[in-house]
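Read the structure below first, then the notes.
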Amino acid sequence: MSDVSIVSCTSYDDAEVTEALRRVLEPIGGLDWVVAGMKIAIKANLVSMMKPELAATTHPSLLCALVRLLREKGAEPLIGDSPGGLYNAAVVNRIYHVTGMKQAEAAGAALNQNFESREAEFPDAMVAHQFTYTAYLDDADAIIDFCKLKTHGMMGMSAAAKNMFGVVPGTFKPEYHFRYPNHRDFAKMMLDLNAYFAPKVKLCLADAIVGMEGNGPTQGKPRHLGALLASKSPHALDLACASLIGLTPKDVPTLEVAVESGLIPDDATKLTVHGNLEQFCVSDFDNIHVRRSLQFEGHGKFAAMFVRSALRAEPRPDKKACISCKKCAEICPAHAIVMKNGIPKINKSTCITCFCCQEFCPVGAMKVHRPLIARVLNRRK
Ligand code: SF4
Ligand code: SF4
């Protein structure tokens, strides 16, 4: 069986999407694991109250097609997610409405209405030995992780592994950023969440028909890639996704930790792929290079600290675009933002570069800024 399957899908047209979904599933065993009566939670990416054409969320056409396939098998699909911010019926139902989930409901899915939380104990975790998660997942016999391929301010890329951060209720997310301020620890936490739910996650799918480039994961630009991917492993799927947009495990902390943990090879060319990854590669994808793959060992602690700080990406408000809504200041887990004359001012010494402010700015006024030297080095890489 292949590690990853990839097929062409040029649009979100219902007929094309349904056919592509059947084709992409076949090389990884289809939906043979589904039995009648099974409750299947589809963990979509519903990051924010954004319309499907903005390419921030898993497209409803794909979810409708998947729901119909699961219904054909007699399963009971349930769509859920916990975006950042309040996790309650009022907020999440508005998100369902705007992101097109009502279409998936009409196709036969239930939309999760259980907004309770549970506590997990995970002694085998790398870092997240206890965490809080969305209770609706306990009622599911199986989980399908259906992500959207996007750039991400903190993690470089958002795909299958990052999508599972949505199991943490939105109100708790800032606390997790604060608990794991270091990118590697945050990536380890993300891998822990994936490992905890791995026995239930039977399938991972990536909506890379239209991905998001630039100021992702919410305020970037839609970019057509024309691909649909499937895998049993979130990390194999992510390695394939990264290769499509020109990233390597050194650029994406979750992939780097997955390689070190022996979950995936260090290069997408070492995956067994059904389909041709190269056919879908976009050479000029506008990525956020949040980390440098260059190493500075052997140059002394202070030199390494200086270089890291000189290369560090950081949030920076666009004064002209800012509408002074204060949302960034309210959401910042490190309380590093104060409003001054209607513009957010960031305290660099307390900022943990989690990019929550960038992710949740409603008008895309908070940008990921990279120093010139980092941009030059990444261009040369
Ligand atoms: S969230 Fe965006 S628009 Fe609102 S104050 Fe912050 S930067 Fe300005
Ligand atoms: S200023 Fe932005 S990036 Fe820095 S800690 Fe606050 S939310 Fe995170």
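Let's see how each residue does on (1) more than 7 Å from ligand 2 (Cβ to nearest atom); (2) in the same structural domain as PRO174 (by TED's automatic domain parsing); (3) β-branched (Val, Ile, Thr):
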site	(1), (2), (3)
CYS332	no, no, no
VAL338	yes, no, yes
ASN341	yes, no, no
PRO344	yes, no, no
SER349	yes, no, no
THR353	no, no, yes
GLN358	no, no, no
GLY364	yes, no, no
VAL368	yes, no, yes
- Task: Tell me, please, whether a residue that is of a type outside the set (Ser, Thr, Tyr) and closer than 19 Å to THR58 by Cα can be found in the stretch 173-192.
- Result: no
- Task: Could you check ASP124 against (1) more than 27 Å from HIS183 (Cβ to Cβ); (2) surrounded by fewer than 15 Cβ atoms within 10 Å (Cβ to Cβ) and say which number it fails?
- Result: (1)
- Members of the stretch 318-332 found to be more than 6 Å from ligand 1 (Cβ to nearest atom) and aliphatic (A, V, I, L, M), listed by number: ALA321, ALA329, ILE331
- Query: Among the listed residues LYS221, LYS150, LYS162, LYS188, which satisfies the condition of being in the same structural domain as CYS241 (by TED's automatic domain parsing), within 16 Å of ASP81 (Cα to Cα) and among the basic types (Lys, Arg)?
  - Reply: LYS162
- Selection over the stretch 104-134 where residues are free of Cβ contacts under 8 Å to residues at least 24 places away in the same chain and in contact with a helix residue (DSSP H, G or I) (Cβ under 6 Å, 6 or more places away or on another chain) yields a count of 2
- Message: Which residue is farthest from ligand 1 (Cβ to nearest atom), if the candidates are limited to the stretch 333-373 and must be more than 22 Å from SER48 (Cα to Cα), of a type in the set (Lys, Arg) and surrounded by 12 or more Cβ atoms within 10 Å (Cβ to Cβ)?
- Response: ARG370
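If you scan the stretch 225-261, which residues turn out to be of a type in the set (A, V, I, L, M, F, W, C), farther than 19 Å from GLN279 by Cβ and over 12 Å from the mean Cα position of the chain (by Cα)? Spell out how you get there, then give the answer.
Initially, the stretch 225-261 is screened for residues of a type in the set (A, V, I, L, M, F, W, C), giving 225, 227-230, 236-237, 239-242, 244-245, 247, 252, 255, 257-259.
Right, trim to farther than 19 Å from GLN279 by Cβ and you get 252, 255, 257-259.
Answer for the stretch 225-261, where residues must be of a type in the set (A, V, I, L, M, F, W, C), farther than 19 Å from GLN279 by Cβ and over 12 Å from the mean Cα position of the chain (by Cα): LEU255, VAL257, ALA258, VAL259.
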- Query: Within the stretch 155-166, which residues are on the phi < 0 side of the Ramachandran plot, surrounded by 24 or more Cβ atoms within 10 Å (Cβ to Cβ) and of a type outside the set (Ser, Thr, Tyr)?
  - Reply: MET155, MET157, ALA159, ALA160, ALA161, LYS162, ASN163, MET164, GLY166
- Selection from the stretch 177-205 of residues that are among the polar types (S, T, N, Q) and within 14 Å of ALA258 (Cα to Cα): ASN194
- Item | strands (runs of 3 or more DSSP E) wholly inside the stretch 140-221 containing at least 2 residues that are modelled with pLDDT of 95 or more and farther than 17 Å from HIS289 by Cβ | 142-152, 201-213
- Note on the structure: Taking the stretch 236-270 and keeping residues in a loop (DSSP other than H, G, I, E, B), out of contact with any helix residue (DSSP H, G or I) (no Cβ under 6 Å at 6 or more places or on another chain) and more than 18 Å from GLY153 (Cα to Cα) leaves SER261, GLY262, PRO265, ASP267
- Unmet criterion (only one of (1) modelled with pLDDT of 90 or more; (2) outside the structural domain of SER48 (by TED's automatic domain parsing)) for ARG312: (1)
- Query: Cβ-Cβ below 7 Å, separation at least six or inter-chain, first residue in the stretch 310-333 and touching a residue at least 12 places away in the same chain (Cβ under 8 Å), second more than 16 Å from ligand 2 (Cβ to nearest atom) and in a loop (DSSP other than H, G, I, E, B): which pairs?
  - Reply: LEU311/ARG292; SER324/GLY342
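The values are calculated or read from the model by the stated rules, or taken from the named source; none is laboratory data. Note that the structure is predicted; figures quoted are calculated from it, not measured. Positions of Cβ are backbone-derived with ideal geometry, glycine not excepted, and every protein chain shown enters the neighbour counts.
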